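The values are calculated or read from the model by the stated rules, or taken from the named source; none is laboratory data. Small disclaimer: the values here were computed from a predicted structure and weren't measured. Methodologically, a virtual Cβ is constructed for each residue, glycine included, from the backbone with ideal geometry; neighbour enumeration extends over all protein chains shown.
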Amino acid sequence: MNKNLTRIPLLLLALSASPWLFAASPDGQTIATQGNGKGATACIACHGQQGQGNADAGYPYLAGLSADYLRNQLTAFSSGSRKNAVMQPIAGSLSKQDIAAVAEYFSGLPNDRLKGSAATPSDVSGKGAVLARNGKWAAGVPACFRCHGADGRGVAPHFPPVVGQPEAYIRNQLVAWQTGARSNDPLGLMQSVVKSLSRDEIDAVARYLAAQSEK
Amino acid sequence: MWNRFLTMSCLGTLCLSPGATLLAADVPHATAVTAPISVAPYQPPADDSMPDDEFGKLVRLGKRIFTDTGKYAGKYVGNDLSCANCHLDAGRLANSAPLWAAWVKYPAWRGKNKMVNTMEQRIQGCFRYSMNGTPPPADSDELKAIMSYSFWLASGAPTNTDLPGRGYPALDKPAEPPDFERGRKVYTRNCALCHGADGQGTKAEGKIVFPPLWGNDSFNWGAGMHRINTAASFIRANMPLGKGGSLSLQDAWDVAYFMNSHERPQDPRFAGDVKATDKAFHQHQCRYGDKVGGKILGMK
């Protein structure tokens, strides 16, 4: 038998594993770095080369978040239960499989902000610190860290980290729950939390949380 | 033991008949409250007003023990809970059995052990049952610290007064007797997110974030929370966390019944025999000694 002939199917097999040729199984990294070719642009342009976010522009980090959480958010953007002018069209261009793949990809990236001990808080008696650590029980609001973990680094899979996200991003999310622009939270937990927060308190807690972890 | 008759006889009423001393919990409630939760007029002092002296040091230690009991009083604790898991906001929150309301009511007679209990003994009781542990001696630093913290929280409160917000607000009977299957559905919908599909709680980085509701690491069969009425009251007022008062009356009873129809650590008063222990200590609304899923609860 001619040895050269047997090589051809092997070569085909190798090629078929590549997402470049066969769109059937989307590759998370490809979507993240190049988009999906169907309208979703490269995620890393905004969310950073390593999914580390962009504090100046207010783009959140995605690295190390639970894949479940990321999938839920992308699904919510595309269904409109989470509204955002930038992310809705992008998420709407991703297939269910794309969403699963890209969520898995970002979830697997390392994120220094979620490791080691959090930076020592500089101001533990300010309004933001008190909300984060003790809550506002007079209005029925538990401490942010009661749900988001002792250092605010999240409790997978349902409770995302809140420390070290851009201040503007955190503020926008809290306001979005107040206005109803974000309404996909499980049991409406965040909608309850923000109900009684004043604009001042939102600013203070966003500033505090954003400052709680090193870049 | 779950006495069906007790429930049936209470349908739609306030359960104030003698047979219904099921609310023989430790806090007497003259009326049952359904509407959650009026703000208690008494306000404990703010944390940053703790004094800066030797006494203040003990107050601070007391708060630390209360909120992270395993870490600061580990040798007296036999499960994954902290005091503040059931006494929310570090023992400050009205309708969550706050410490300031307790402080002004002891010494007091308790039906549970049929004697007058000092505040120390009441705290020791929660170590033995709710924390499934060994009570710290009255002169230990740990107990002195919790006493100091409670005393300080009650600064200015009138002694020997039933302050509004004490204990958990008693609930009216539900329209239907509590039901396991309905309770399971309430649990899956409203509780499993945090307390886990199997009541085991949730950890992050090896530390408990959401405490276990049943199983080896939760409160034992002697704890107040194993009573369905007490659990229903706590849950209605305080759970899901941050959404207290949102469950219907029926849902609160059903989910309390479901939660407390699971195995947990043995009653420390266990006399070698579930039946005898049931008879001696469980003549109230609970599932100890009942058969659930083919197994008698309390056999572990």
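Just to be sure, is B:Asp290 outside the structural domain of B:Ala94 (by TED's automatic domain parsing), farther than 21 Å from B:Asn79 by Cα and in contact with a strand residue (DSSP E or B) (Cβ under 9 Å, 6 or more places away or on another chain)?
Considered against the rule, which asks whether it is outside the structural domain of B:Ala94 (by TED's automatic domain parsing), farther than 21 Å from B:Asn79 by Cα and in contact with a strand residue (DSSP E or B) (Cβ under 9 Å, 6 or more places away or on another chain), B:Asp290 comes out as yes.
Can you find, within the stretch B:75-98, the residue that is surrounded by the most Cβ atoms within 10 Å (Cβ to Cβ) among those that are within 14 Å of chain A (Cβ to nearest Cβ) and part of a helix (DSSP H, G or I)?
B:Gly91
State whether the residues of the stretch B:196-216 include one that is of a type in the set (Asp, Glu) and within 14 Å of chain A (Cβ to nearest Cβ). Walk me through how you get there before you give the answer.
Let us first name the residues in the stretch B:196-216 that are of a type in the set (Asp, Glu), namely B:198, B:205.
Now restrict to residues that are within 14 Å of chain A (Cβ to nearest Cβ): B:205.
Yes, the stretch B:196-216 contains a residue that is of a type in the set (Asp, Glu) and within 14 Å of chain A (Cβ to nearest Cβ).
Condition check: away from chain A (no Cβ under 14 Å), part of a loop (DSSP other than H, G, I, E, B) and either closer than 23 Å to B:Asp172 by Cβ or modelled with pLDDT of 95 or more (or both). Does B:Thr13 satisfy that? Talk me through it step by step, then tell me what you get.
Numbers: away from chain A (no Cβ under 14 Å): yes; part of a loop (DSSP other than H, G, I, E, B): yes; either closer than 23 Å to B:Asp172 by Cβ or modelled with pLDDT of 95 or more (or both): yes.
Spelling it out, B:Thr13 is indeed away from chain A (no Cβ under 14 Å), part of a loop (DSSP other than H, G, I, E, B) and either closer than 23 Å to B:Asp172 by Cβ or modelled with pLDDT of 95 or more (or both).
Among (1) more than 9 Å from chain B (Cβ to nearest Cβ); (2) part of a helix (DSSP H, G or I); (3) not hydrophobic (A, V, I, L, M, F, W, C), which single condition is A:Pro157 missing?
Condition (2) is where A:Pro157 drops out.
Taking helices (runs of 4 or more DSSP H) that fall entirely within the stretch B:206-300, which contain at least 1 residues that are within 15 Å of the chain's Cα centre (by Cα)?
Values: elements: B:228-238, B:249-259, B:274-281.
Qualifying helices (runs of 4 or more DSSP H): B:228-238, B:249-259.
Check A:Val163, A:Val175 and return the single one that is assigned to a loop (DSSP other than H, G, I, E, B) and either among the aliphatic types (A, V, I, L, M) or touching a strand residue (DSSP E or B) at 6+ places or on another chain (Cβ under 6 Å) (or both).
Sole residue among the options that is assigned to a loop (DSSP other than H, G, I, E, B) and either among the aliphatic types (A, V, I, L, M) or touching a strand residue (DSSP E or B) at 6+ places or on another chain (Cβ under 6 Å) (or both): A:Val163.
Quickly run through the stretch A:75-115 and pick out the residues that are over 17 Å from A:Thr33 (Cα atoms), in a helix (DSSP H, G or I) and at pLDDT 95 or above.
Matches in the stretch A:75-115: A:Thr75, A:Ala76, A:Phe77, A:Ser78, A:Ser79, A:Gln88, A:Pro89, A:Gly92, A:Lys96.
When you go through B:Thr230, B:Thr188 one by one, which is the residue that is hydroxyl-bearing (Ser, Thr, Tyr), more than 10 Å from every other protein chain (Cβ to nearest Cβ) and farther than 13 Å from B:Tyr257 by Cβ? Let's see the steps before the verdict.
Values: B:Thr230 fails: farther than 13 Å from B:Tyr257 by Cβ.
None of the other options fit; the residue is B:Thr188.
Of the residues in the stretch A:139-151, how many are under 22 Å from A:Ser66 (Cα atoms) and modelled with pLDDT of 95 or more? Even if it seems obvious, please write down each step before you answer.
Let us first name the residues in the stretch A:139-151 that are under 22 Å from A:Ser66 (Cα atoms), namely A:143-151.
Remaining after also requiring modelled with pLDDT of 95 or more: A:143-148.
Qualifying residue count, the stretch A:139-151: 6.
For the stretch B:234-286, give me the residue count where each residue is of a type in the set (Lys, Arg), crowded, with 24+ Cβ neighbours inside 10 Å and farther than 24 Å from B:Asp89 by Cα. Walk me through how you get there before you give the answer.
Initial filter on the stretch B:234-286 (of a type in the set (Lys, Arg)): B:236, B:243, B:264, B:269, B:275, B:279.
Retained after the next criterion (residues that are crowded, with 24+ Cβ neighbours inside 10 Å): B:236, B:264.
Okay, now just the ones that are also farther than 24 Å from B:Asp89 by Cα, so B:264.
Here the count works out to 1.
Tell me, please, whether a residue that is within 14 Å of another protein chain (Cβ to nearest Cβ), surrounded by 22 or more Cβ atoms within 10 Å (Cβ to Cβ) and touching a His at 6+ places or on another chain (Cβ under 6 Å) can be found in the stretch A:160-175.
Within the stretch A:160-175, one or more residues are within 14 Å of another protein chain (Cβ to nearest Cβ), surrounded by 22 or more Cβ atoms within 10 Å (Cβ to Cβ) and touching a His at 6+ places or on another chain (Cβ under 6 Å).
Residue-by-condition table, conditions (1) in contact (Cβ under 8 Å) with a residue 60 or more places away in the chain; (2) assigned by TED's automatic domain parsing to the domain that holds B:His226; (3) of a type in the set (Asp, Glu); (4) surrounded by 17 or more Cβ atoms within 10 Å (Cβ to Cβ):
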position: B:Glu120; (1), (2), (3), (4): no, no, yes, yes
position: B:Ile123; (1), (2), (3), (4): no, no, no, yes
position: B:Gly133; (1), (2), (3), (4): no, no, no, yes
position: B:Pro136; (1), (2), (3), (4): yes, no, no, yes
position: B:Asp139; (1), (2), (3), (4): no, no, yes, no
position: B:Glu142; (1), (2), (3), (4): yes, no, yes, yes
position: B:Ser148; (1), (2), (3), (4): yes, no, no, yes
